[in-house]
Structure formats: C-alpha cells, structure tokens
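Notes follow once the structure below has been shown.
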C-alpha cells in the first residue's frame, strides 16, 4: 500500500485495489485510505472492512499457488548442497550441519514475526534465507577443506568470510519483512522485530566462529600435516588447549565442551526470563513453539559439531607416520 500510494503516487483507490487484488491481498479499508490521504470513492460506496473470517477459496488458492516455488527453492538448494558436499571427505557432516544452521535463520524469522498482527506472509522469505545459508555454509566448508588440504593459508579466512557475508546478506533481506516496532508483548523493554532477529543472528555466528568452522579447518589441517609426514608436530599441537598451526587456531574439544555447558546455562536463564515476562497473545503458542524449536536446533548443531570434532581428532593416526 505504501509503495502504491506514496512511492508511485497513485491516488485512485480503485486502481490500488486492482493491484492489491492481482497480488492476492484484500482491498483497502476506509481507515487505510484515510491514512494514505487517498481520494475516497463516491459517498454511496463504502470501502470494505477488513474481514477477520478465514480467507475464501480464491484467496487460499492464490496463497497456495504463491507458496509453490518455496518448496522448489528448498529442494534446489538441498540438491546443489549435496552435490557440493559430495566432493568433501566429510559430506554427511556438511549436509547435516548446514541444514540445521539454515533452519535456525528461518525459525528466527518466523518467530520474530509470529506476534506481528500486520505481518505479510514471511514463508517465501524464510525459504530464500534457508537456501542462502545452506548453500553458503556447505560451500564455505567444502572450499575450506580443499584449500587446507593443499596448504593454502587463506582457507580459514575465506570460509569465515563467506559465512559472515551470507549472514549479513540474510539480515538485509530479513529487514524487508520484519517490523521496525516492538511486536512481542513483554513486561520489560523488548527489542523490535528487526533488532531481535539481528541479536539471534549474532548468537548463530557464535556457533560458526567457535564450534564449527575453526574446528573443521583444524581437522583438515591436521589430516594434511599427518599425510605429509608431520605426525609428531600434530601430536604436539593437539596436546595444547588452544591448537595453533601456521594458518589457524582452534580450541581443543575439552574447552569447547565447557563453552557448550556455559552456553546452555546462559540460554536457560534467558529463556526463563523471557517466558515469565511474556504477556498473553493469540499467537503465543506459535511463538513459544518456535522459541523451543530454535533452542533444539541450536544446541543440536553444537552437539553434532562437538561430537564430530572430538571423534575426528581422536581418530587421527598420530603414531603411524614418523617425523621425516
């Protein structure tokens, strides 16, 4: 409505309603027409009142038709990601963690718009975000593994750069469908929908820079060093709490398990405070369910990364190849 009435300077209500109808939206109400200072129709004709009843068959058909590409976007991203992961020696790990990571962003977008009564349909945007984050994360890890295997010192910086840029792009996209106002009714000062999603994004990036990309690069670099005959150096490096190589640094599994426990306690305290101060809302059940789902996805992803990291380092053949 703002684009048509303000951006394109269309003042004819009927023309605006025609465009809204083509897009599958309900026509303007009298209040909306007055809000945009539009010329009202003839006095004998009144604009409709926004209906609170379920959408009719025609509207439902349009909504379903509009969502059809969403499944195609997700299927295409999963297919391409599987092809990229097939080039990796840890393809299953890349796909599983990439899908969990992508689902976090979709969940955050849906949750932060769940209580917004004026929100548009955010499912298509959530699908695009999931596709973007899945493809970018799988590609980043696959590129990192390949560059680390040939000893390229830019591997870790490049993989982290890809994931951080993708996170920034999804934030720009997310802002287009999230409110600039506070939509969650809390007894304390809440974030706006946009700020809340940005906060969630920062939490997701903690996984990237702490539990996911550096440990993955560490494993790839250790495998390269052992393959080139530097098993004694690898064994010595793994004995430290912070594993440092010529082109990387990563915490050892023990420290990361402690960090995981700290994150769990912090998340529990934050969730309790949020839910205890959440006011009643018709969509509260959906909001709460998405909150719990995000917590499950978050800690499941961290657990998978930790178990994989611990297992891969523990299975390195440190004693099979001697120092040249």
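The values are calculated or read from the model by the stated rules, or taken from the named source; none is laboratory data. Quick caveat, the model's predicted, so the values are computed rather than measured. Heads up, the Cβs are rebuilt from the backbone with ideal geometry, glycines too, and the neighbour counts pull from every protein chain shown.
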With respect to residue 234, determine if the residue is buried (at least 16 other Cβ atoms within 10 Å of the Cβ) and under 21 Å from residue 156 (Cα atoms). yes
Residue among 125, 138, 177 that is surrounded by 15 or more Cβ atoms within 10 Å (Cβ to Cβ), within 21 Å of the chain's Cα centre (by Cα) and not in a helix (DSSP H, G or I): 177
In segment 80-118, the residues that are in contact with a helix residue (DSSP H, G or I) (Cβ under 8 Å, 6 or more places away or on another chain), more than 15 Å from residue 216 (Cα to Cα), outside any helix (DSSP H, G or I) and modelled with pLDDT of 90 or more: 87
List every residue pair whose Cβ atoms lie under 8 Å apart, where the two residues are 6 or more positions apart in sequence or sit on different chains, the first residue falls within segment 1-30 and is closer than 16 Å to residue 121 by Cβ, and the second residue, located anywhere, is in a helix (DSSP H, G or I) and modelled with pLDDT of 80 or more. 1/16; 1/20; 26/20
Looking at 153, 215, can you tell me which residue is farther than 19 Å from residue 131 by Cβ and either outside any helix (DSSP H, G or I) or modelled with pLDDT under 95 (or both)? 153
Only one residue in 195, 168 is assigned to a helix (DSSP H, G or I), more than 21 Å from residue 286 (Cβ to Cβ) and without any contact (Cβ under 8 Å) to a residue 12 or more places away in the chain, so which one is that? 168
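Condition check ((1) surrounded by 11 or more Cβ atoms within 10 Å (Cβ to Cβ); (2) free of Cβ contacts under 8 Å to residues at least 60 places away in the same chain; (3) outside any loop (DSSP other than H, G, I, E, B); (4) over 18 Å from the mean Cα position of the chain (by Cα)) across all residues:
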| site | (1), (2), (3), (4) |
| --- | --- |
| 256 | yes, yes, yes, yes |
| 259 | yes, yes, yes, yes |
| 264 | yes, yes, yes, yes |
| 271 | yes, yes, yes, yes |
| 275 | yes, yes, yes, yes |
| 292 | yes, yes, yes, no |
| 308 | yes, no, yes, yes |
| 313 | yes, no, yes, yes |
| 316 | yes, no, no, yes |
